[in-house]
Amino acid sequence: MALLSPQDRQTLTAHLAPISRKVDLLLFTQTIGGSESGLIAKQVADEVASLHEKISVVDKNFVLDTDDRAKYGVDKAPALVVLGDGADTRIRFYGANTGYEFVSLVEAVLLAGTGNLELEPETVTAVAAVDTPMHIQVFSTPT
Amino acid sequence: MDLSRRYRITGVPKTIVNDTVEILGGLPEADFVDAVLQRADGASQS
C-alpha cells in the first residue's frame, strides 16, 4: 500500500518540481539480521524517488558493499546517503524517514537537486569560515 | 537505543556536535549557528 495519498503526491510533486540536478539516494540495508525499519526506509525512499524523474534510489547491501560503506562513512543500517549530481552532500539519514522526518528527507532531496540554500547570508558566511571537520548529529523520533 | 544512551537522549530534537556539544530543542537559525559554531570551539559545553 502506498504511503502517500494522491493529494500528498500532487503537493510533493509540485514542491520538488524545481529539481534540475540528478539526486541519488544510496540506501544501505541489511536483509538478514538487520533492523525491520529497513523495509520502511526502502518504501519511503522509493516513493520519494517516484515523485521526480531525476531522483533515483541505489540499493546497497550493508554487509556486502563494504567499499561503499567505507567511502561514505556508513556504520549502521538502514542508512540513506544523499548525492547531488553525483557529489556527496554529506547528508545522512539513519533509520526510516517516517513522521516529521519525511519532511526532512524531502527538503534534503530538494536541496541536493537544486543547490538552493534557504539560509540567511550571515549563516552562509559563518559556516563557510569553518576550517575543521564537524560532525553534527540530530536525534529525532518518527512521531 | 545504544546511541540514545550514549548521547543521553531524553528529548528530541537533540543535536550533538563533534560528540561533545549538546543542543536540546529547536532554535532560531541564528541561535542554532551560534550554538554549533561557538560551542564547538569549546566555549561552552553542557
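Where a number appears in this text, it was derived from the coordinates with a stated rule and is not lab data. It should be emphasised that the depicted structure is a prediction, and the values quoted were computed from it without experimental measurement. Counting neighbours? That spans all protein chains shown, and the Cβs are built from the backbone with ideal geometry, glycine included.
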* Kindly provide the set of residues from segment A:92-143 that are under 27 Å from A:Lys76 (Cα atoms), in a helix (DSSP H, G or I) and more than 11 Å from every other protein chain (Cβ to nearest Cβ), ordered by number. => A:Phe102, A:Val103, A:Leu105, A:Val106, A:Glu107, A:Ala108, A:Val109, A:Leu110, A:Leu111, A:Ala112, A:Gly113
* Asked: Applying the selection to segment B:12-29, what residues are at the interface with chain A (Cβ under 9 Å from one of its Cβ atoms) and loosely packed, with under 15 Cβ neighbours inside 10 Å?
  -> B:Asp19, B:Glu29
* touching a residue at least 40 places away in the same chain (Cβ under 8 Å), surrounded by 15 or more Cβ atoms within 10 Å (Cβ to Cβ) and of a type outside the set (D, E, K, R): does that describe A:Gly86? -> no
* Unmet criterion (only one of (1) in a helix (DSSP H, G or I); (2) charged (D, E, K, R); (3) within 25 Å of B:Leu3 (Cα to Cα)) for A:Asp46 -> (3)
* Test result for A:Val63, farther than 20 Å from A:Arg21 by Cα, more than 14 Å from chain B (Cβ to nearest Cβ) and surrounded by 13 or more Cβ atoms within 10 Å (Cβ to Cβ) -> yes
